[in-house]
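Down below is the structure, laid out as structure tokens.
The values are calculated or read from the model by the stated rules, or taken from the named source; none is laboratory data. A quick note: this is a predicted structure, and the numbers were derived from the prediction, not measured. Because the Cβ atoms are built from the backbone with ideal geometry, glycine has one as well, and the counts that use them run over all protein chains shown. The area values use the complete protein model at the heavy-atom level, side chains included, leaving out ligands, DNA and RNA. Shrake-Rupley method; radii C 1.70, N 1.55, O 1.52, S 1.80 Å.
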Amino acid sequence: FFLAGSIMREIAKEKTIIALDGAANTLATLGIKPNIILGDFDSLNDVSALWGIQNTGDKPYRGSFNVLIVPAKNQQLTDLQKALNFIQNTAHHY
């Protein structure tokens with residue numbers, strides 16, 4: 001991790017946390033709950049079940065702990081581009 005876990009937990013307090021794909025692994029390790037997990041989920045390990053991620057459909061849904069799961073399977077875009085598009089176009093609805 002580029003920052004100590006305690007620093008990341010402090011920074012995350014009272015913020016909207018969007019985890020891009022495999023970042024959900026790191027957050028789980030640190031005990032930080034994201035508000036949104038976005039991506040094609042190809043980089044997730046055992047945390048898929050923890051967050052309630054399913055490999056079906058392409059519409060956002062609520063996973064475990066009320067985390068918004070946003071499948072974004074367009075391989076022409078990076079996860080960061082997918083997240084920026086999501087924020088710009090739809091995040092205010094959630």
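Scanning segment 34-47 for residues that are surrounded by fewer than 17 Cβ atoms within 10 Å (Cβ to Cβ) and farther than 15 Å from ASP79 by Cα yields ASN35, ASN45, ASP46.
Within segment 1-33, the residues that satisfy the criterion of being open to solvent by 20 Å² or more (accessible area, probe 1.4 Å), of a type in the set (D, E, K, R) and either within 12 Å of LEU44 (Cα to Cα) or over 14 Å from the mean Cα position of the chain (by Cα) (or both) are ARG9, GLU10, LYS13, GLU14. Residues of segment 66-89 that are in contact with a Lys or Arg (Cβ under 6 Å, 6 or more places away or on another chain) and over 11 Å from LEU38 (Cβ atoms): none at all. On inspection, LEU50 does not qualify as open to solvent by 20 Å² or more (accessible area, probe 1.4 Å) and in a loop (DSSP other than H, G, I, E, B).
Quick check on segment 55-78. Is at least one of its residues part of a helix (DSSP H, G or I) and in contact with a helix residue (DSSP H, G or I) (Cβ under 8 Å, 6 or more places away or on another chain)? Checking segment 55-78: at least one residue is part of a helix (DSSP H, G or I) and in contact with a helix residue (DSSP H, G or I) (Cβ under 8 Å, 6 or more places away or on another chain).
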